[in-house]
Amino acid sequence: MADLRHVAEVQSRENSGRIVVGTLAAEPAMPHTRFILDELHKHRPHLAIEMRSLNFINQYEALASGEVDVAFLRPPAPSGIQAHQLTEEPRLVCLPDDDPLAVQERLSLADLSDRTMVTMPPESPQEWRDFWAIDPRPNGIPIRFGPLAIDVEGVLQAIARKQAIGFLPASARDFYPRPGTVYRDLVDAPPCTMALTWFARNRDRPHVALMRKIARAIPLGWPAG
């Protein structure tokens, strides 16, 4: 029944000339997101584009359930979700502004071994949670997890309340300045990516296929923010 509802919902939007685009956090403000949506409008001027904000819990489930047709998200994506990488950027650590480590401009993962990390929701994919916590750490020291956050604002609130630290894309420094927090470079963290994502079964639907085609025209060297 769930599959039938998914097909019916997607088909209904397609027939009515509407597409639902999911976004996470500041992704709508990114230059590649704006470019793709502008080009989509040029190619389909009568297509109604509905934007829907997602969170750490529902970001990939929204694609699988048909709630959204495509989404601008931060991989890794779970099985069944396909992605086209749009950009790559370093990761930063966000700390309380009075953390003793905040006096340093560049930090390593080893420097942060005894810091409590914000917990990502258990409903999100395990691979995704591990990637954003950088778990396991290179030195093998177990991570201590603290307060739960379901979106970027929740992460920043936990940090500002001095309950934890968190890892975020480098573009967060510009998009998410918050009182009580500071961003510092991470010298040994793997970079993160931003991608256009879709449910594998829907890849060849007309509006999804067009967005994929537009996305492929974007050079990977585009700035993240």
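Coupling constants for region 182-187 follow from the phi torsions by the Karplus curve (6.51 cos²θ - 1.76 cosθ + 1.60, θ = phi - 60°), and in residue order they are 9, 10, 9, 5, 10, 7 Hz; glycine and proline get x.
Within region 115-170, report the GluC sites (Glu not before Pro) that DSSP leaves as loop and that have at most 16 other Cβ atoms within 10 Å. Don't skip to the answer; put the middle values down first.
Values: sites: E123, E127, E153; in loops: E123.
Within region 115-170, the qualifying GluC sites (Glu not before Pro) (loop, at most 16 other Cβ atoms within 10 Å) are E123.
Which residues does a label at D188 reach in region 78-106, if reach means a backbone N under 17 Å from a point 7 Å past the Cα toward the Cβ? Once the point is set 7 Å along Cα→Cβ of D188, 91-93, 105-106 turn out to lie under 17 Å by backbone N, inside region 78-106. Rounded to the nearest 0.05, what FRET efficiency do E153 and T116 give with R0 = 30 Å and r taken as the Cβ-Cβ distance? Could you check? Using R0 = 30 Å, I get an efficiency of 0.95.
Projected onto its three principal axes, the C-alpha set of the chain covers 57, 37, 29 Å, listed from the longest axis down.
Assuming R0 = 22 Å, what is the FRET efficiency of R137 and L101, from their Cβ-Cβ distance, to the nearest 0.05?
0.90
A DSSP coil position with no more than 12 other Cβ atoms inside 10 Å describes the following trypsin sites (Lys or Arg not before Pro) in region 174-212: R203.
Given contacts defined as C-alpha pairs under 8 Å and at least six residues apart, what's the relative contact order of region 91-186, whole-number percent?
Working: 153 pairs, mean separation 48.9, N = 96.
51 percent.
Around R144, what is the net charge, scoring Lys/Arg as +1 and Asp/Glu as -1 over all other residues with Cβ under 13 Å from its Cβ? Let's see the in-between values first.
Details: positive: R115, R137; negative: D114, D135.
So the surrounding residues net to 0.
Subtracting the Cα-Cα distance of K213 and S108 from 0.36 nm times their residue separation leaves 33.9 nm of extension gain. In this structure, the amide hydrogen of M51, modeled 1.01 Å from its nitrogen in the peptide plane, lies closer than 5 angstrom to those of V21, counting only residues at least 5 positions away or on a different chain. For region 91-186, the antiparallel share of DSSP beta bridges with both residues in that region comes to about 60%.
Label sites at K42 and K162, each approximated as a point 7 angstrom past Cα along Cα to Cβ, lie 5.2 nm apart.
Report the calculated FRET efficiency for R34 and E127 (r = Cβ-Cβ distance, R0 = 35 Å), to the nearest 0.05. Mind showing how you got there, number by number?
On the way: r = 29 Å, r/R0 = 0.82.
For R34 and E127, the calculated efficiency is 0.75.
Cα centroid separation, region 57-82 to region 141-215: 14 Å.
Any read-out appearing in this document is the output of simple, stated calculations on the displayed coordinates, not a laboratory observation. Here the structure is a predicted model, which means the values were calculated and not measured. No Cβ is skipped: glycine too gets one built from the backbone with ideal geometry, and neighbour counts run over all protein chains shown.
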